[in-house]
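Student: Sharing a structure here in structure tokens format.
The values are calculated or read from the model by the stated rules, or taken from the named source; none is laboratory data. Everything quoted here is computed from the prediction, not taken from an experiment. Counting neighbours? That spans all protein chains shown, and the Cβs are built from the backbone with ideal geometry, glycine included.
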Amino acid sequence: MIFNHLSLEKILQNLSIDSLNEMQETAMQTIKNEENVILLAPTGSGKTLGFLLPILEMLDSNNNGIQVLVLSPSRELALQIEQVFKSMVTGFKVNCCYGGHDISIEKNNLIEPPAILIGTPGRIADHLRNGRINTSTIKTMVLDEYDKCLEFGFKAEMSFLISQLNNLSKRIFTSATEAIEIQENIEISKPVVLNFLSEESPDNLKVKVVETPSDDRLNTLFKLVCSIGNRSTLIFCNQRQTVEQISSLLWEKRLANNVFHGGLDQDLRQRTLIKFRNGSHRILVTTDLASRGLDIPEIECVIHFNIPPTESIFTHRNGRTARMHAAGTTYLIISEKETLPPFLKDIPEYEKLPAKVVFPEQTLWVTLYIGAGKKEKISKMDVVGLLMQKGKLLKGELGLIDVLDHATYVAIKRDKIDKLLPLIKNAPIKKQKVKIEVAR
């Protein structure tokens, strides 16, 4: 099968994927043949590749305008879609626009339009209002996690955006939930619905309840996190204020963690996810912003510090664990003044916390910050060369490397960092002297 001169085998090789799953195969064929498609599939099932493959096949190399507009409810998801397409190595230009990103960079990128433009509704609407985007060549629109695009205060921007796209011939909506009606002004006529959602909880997911006195919820959480030990854990809260409160408590008790919510600036959100992905931190305290779409590793445990307000939110939070064939555990902290939520279909197991708190061990990794990135022509191989040649590290002492526009983050074995820093303190990288330190 050929996608714009590229074989499917080559694309999958570039992505380090062995084969497509059933959902991706079905989505690929349906999107190719149908004008309007709604794709419903769980978080982590690969929806992004499911719509990017048929889109690639439709791109015209002789068209110098924007051919596809992909809208995403969050910056992180927009960036992930861009990264997946770049990793496919297609030769087509792709750009990403989102709030918190340097708008001057985006303006320059739009001078020579990309074949695929990805972005958040607010930022794309801003570019449209200021005449930076020519919509006449846009034939395909993707609303990724469309229910969130319509829930997160984007309705005005979405109405404006749709009104500007007059030449659409294909519309693709994706979501990890079907519990929302598409508003009238978001036109999608007689769509083909591909529903890969299951009403059943995965067999490899354990649901447990932890009881707590109402005035001791934070301490109960601390004991629970300690009993979980060294497993990667997401702690979900209903409000940002609670996220910050819990994080502060855990730090006071010397439990390293990161926070993630919509009130943080983009750099901090990006750094937080990098540290969690590379194993420097195993605890992430978050709002429902982290419940869907994010490229974070297989999570072993999910803690609902607050009872989820809806079954849909409960499902999406739990969807971060027990994915594919891996097992996972989700914990609900319930006080004596609360009742079990009605959407629990089975009687959960009650978890009794040990009387003695055993403090978890430190993570094996720590994150190193290097003050240069793609815009300074830094590559992963440059970083590996510096750390192995000058820093005397062995291959197994280097973890994940993330090269951003103006910064690079590297996971280093914790027991090597103190010896490493003096060796590379003044060492240039690509003949440039850059700041190198443990990431904050």
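Student: Mind checking whether some residue in segment 40-57 is within 30 Å of residue 265 (Cα to Cα), part of a helix (DSSP H, G or I) and free of Cβ contacts under 8 Å to residues at least 24 places away in the same chain?
Tutor: No, that holds for no residue.
Student: Of the residues that sit in segment 226-255 and are more than 21 Å from the chain's Cα centre (by Cα) and of a type in the set (S, T, N, Q), which one is nearest to residue 354 (Cα to Cα)?
Tutor: Ranking the candidates gives 227 first.
Student: Name the residues in segment 265-304 that are farther than 23 Å from residue 82 by Cβ and touching a Leu at 6+ places or on another chain (Cβ under 6 Å), would you?
Tutor: Within segment 265-304, 299, 302, 304 meet the criteria.
Student: What residue, of 355, 427, is in contact with a helix residue (DSSP H, G or I) (Cβ under 7 Å, 6 or more places away or on another chain) and in a loop (DSSP other than H, G, I, E, B)?
Tutor: 427
Student: Any chance segment 98-115 includes a residue that's more than 18 Å from the chain's Cα centre (by Cα) and crowded, with 22+ Cβ neighbours inside 10 Å?
Tutor: Yes: segment 98-115 contains one or more residues that are more than 18 Å from the chain's Cα centre (by Cα) and crowded, with 22+ Cβ neighbours inside 10 Å.
Yes/no matrix, rows are residues, columns are (1) crowded, with 21+ Cβ neighbours inside 10 Å; (2) at pLDDT 85 or above; (3) of a type outside the set (S, T, N, Q); (4) not in a helix (DSSP H, G or I):
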residue: 292; (1), (2), (3), (4): yes, no, yes, yes
residue: 297; (1), (2), (3), (4): no, no, yes, yes
residue: 309; (1), (2), (3), (4): no, yes, yes, yes
residue: 314; (1), (2), (3), (4): yes, yes, yes, no
residue: 329; (1), (2), (3), (4): yes, yes, no, yes
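Student: Still on this model: Which count do you get for residues in segment 192-225 that are more than 27 Å from the chain's Cα centre (by Cα), at pLDDT below 90 and either assigned to a loop (DSSP other than H, G, I, E, B) or among the polar types (S, T, N, Q) (or both)?
Tutor: 1
Student: Exactly one of (1) buried (at least 21 other Cβ atoms within 10 Å of the Cβ); (2) assigned to a loop (DSSP other than H, G, I, E, B) is unmet by residue 274. Its number?
Tutor: (2)
Student: Report every pair of residues separated by at least 6 positions or lying on different chains whose Cβ atoms are under 6 Å apart, first residue within segment 121-132 and touching a residue at least 24 places away in the same chain (Cβ under 8 Å), second polar (S, T, N, Q) and assigned to a helix (DSSP H, G or I).
Tutor: Pairs that qualify, where the first residue is touching a residue at least 24 places away in the same chain (Cβ under 8 Å) and the partner is polar (S, T, N, Q) and assigned to a helix (DSSP H, G or I), are 128/164.
Student: Kindly provide the set of residues from segment 358-379 that are buried (at least 16 other Cβ atoms within 10 Å of the Cβ), without any contact (Cβ under 8 Å) to a residue 60 or more places away in the chain and not in a loop (DSSP other than H, G, I, E, B), ordered by number.
Tutor: 376
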